[in-house]
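What follows draws every value from the coordinates through simple rules; no lab data is involved. Bear in mind the structure is a predicted one, so any value in this text is a computation, not a measurement. Heads up, the Cβs are rebuilt from the backbone with ideal geometry, glycines too, and the neighbour counts pull from every protein chain shown.
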Amino acid sequence: MKIIMLGAPGAGKGTQAKMLADKYHIPHISTGDIFRANIKNGTELGNKAKVFMDKGMLVPDELTCDLVVDRIKQEDCKDGYILDGFPRTIPQAECLDQALETLGDKIDYAVDVEVPDENIVRRMSGRRACASCGATYHIVYNAPEKEGVCDRCGAELILRDDDKPETVQKRLTVYHEQTQPLIDYYKNKGVLAQVDGTKDMQEVFQSIVNVLEK
Ligand code: ADP
Ligand code: ADP
Ligand code: ZN
């Protein structure tokens, strides 16, 4: 099963992608996580990406596409994968389609997690991320057992730099301009599934599973 997660920043793509990856035993591929790991390790890619991420802008397509195309060619992706945060622009979607075509493959579903902008800022300001394993929490909706500490690995939880309200606003604007057109793109391909992302996490998960198993 090859799935794309669409939705605004903070819509819950990562949360749902992790749950789906566990259920279907397929890799969760998050371009945001890949960039953050590169920043942490001080790679050239990380240094380049950071400049854009800190401003709430998208990392240029040419730094993003090849990375994902290489990743989905790896052995662990042969039975499927979940792309979280990619594609985010029409050129990225076209680049992915081209690569899939060469592989004789296609996307099964693009799942759009719909959450209005009003809810997003609240979600983002409460988001906490594990600095070590990448697990995500919310101080109200998905609190860790012990405040500030990751349930999974015990490391410290942090507020991402780009989750500060000023940057969130910019990311939302970028989302509407550059990413939202992908909804029509995948609708036209007949693979779009839209779910109400304002429900609680389990309900959203169930509605996605219902679509995938229909
Ligand atoms: P979000 O919570 O907004 O979904 P992500 O972790 O997916 O956040 O992405 C964080 C940042 O990483 C984005 O704001 C952007 O700068 C960069 N990024 C992630 N994926 C992409 C992509 N496919 N194209 C361009 N930039 C990306
Ligand atoms: P995205 O990957 O789309 O940026 P996340 O999955 O990181 O979004 O979710 C953003 C924040 O909202 C996190 O703090 C997460 O715990 C919380 N969250 C995710 N789904 C829900 C939901 N259905 N209801 C309330 N909060 C949620
Ligand atoms: Zn952790």
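Largest first, the three principal axis extents of the alpha carbons in segment 171-214 are 30, 25, 9 Å in whole numbers. On the principal axes of its alpha-carbon atoms, the chain has extents of 47, 41, 34 Å, going from largest to smallest.
At what distance in angstrom do the alpha carbon centres of segment 60-109 and segment 35-59 lie from each other? Rounded to whole Å, the Cα centres lie 20 Å apart. Cross-link pairs exceeding 29 Å in C-alpha to C-alpha distance, out of 78/170; 23/170; 55/214; 13/170; 13/187, comprise 78/170; 23/170; 55/214. Karplus-based coupling profile of segment 97-114, in residue order and whole Hz: 4, 4, 4, 5, 4, 4, 7, x, 10, 7, 7, 7, 9, 10, 9, 9, 8, 8, with θ = phi - 60° in 6.51 cos²θ - 1.76 cosθ + 1.60 and x standing for Gly or Pro.
Spin-label model, residue 61/residue 90: points 7 Å from Cα along the beta carbon direction are separated by 0.9 nm.
The gain in end-to-end length when the residue 114 to residue 203 segment is fully stretched comes to 30.7 nm, 0.36 nm per residue minus the alpha carbon separation.
Rounded to the nearest 20, the size of the Cβ-charge dipole of the chain about its Cα centre is 340 debye, with Lys and Arg at +1 and Asp and Glu at -1. Note on segment 2-213: antiparallel DSSP beta bridges, both residues inside, total approximately 30 percent of the bridges counted. Based on DSSP H segments of at least four residues, each scored -39500 (n - 2.57), the chain has a per-residue ellipticity at 222 nm of -14000 deg cm²/dmol. Fewest neighbouring Cβ atoms within 10 Å first, the residues 25, 176 line up as 25, 176. Cross-link partners for residue 164 among the aspartates and glutamates, with Cα-Cα distance under 14 Å and sequence neighbours closer than 8 places in the same chain left out: 54. Placing a label point 7 Å from the Cα of residue 97 along the Cα-to-Cβ direction, the residues of segment 156-186 whose backbone N falls under 18 Å from that point are 178-186. Highest GNM mean-square fluctuation among 157, 45, 182, for the chain modelled with Cα contacts below 10 Å: 45. Between residue 85 and 5, the built amide H atoms are under 5 Å apart, and every one of these is 5 or more places off in sequence or on another chain.
Residue separation of residue 159 and residue 78 scaled by 0.36 nm, minus their Cα-Cα distance, works out to 25.7 nm of gained length. Inter-label distance, residue 125 to residue 25: 4.4 nm, where each label sits 7 Å from its Cα along the C-beta direction.
Positive-end ranking of 107, 120, 82 along the dipole of segment 72-137, with charges on Cβ about the Cα centre, is headed by 120. Contact order, relative form, for the chain: 29 percent (alpha carbon pairs under 8 Å, 6 or more residues apart, mean separation divided by residue count).
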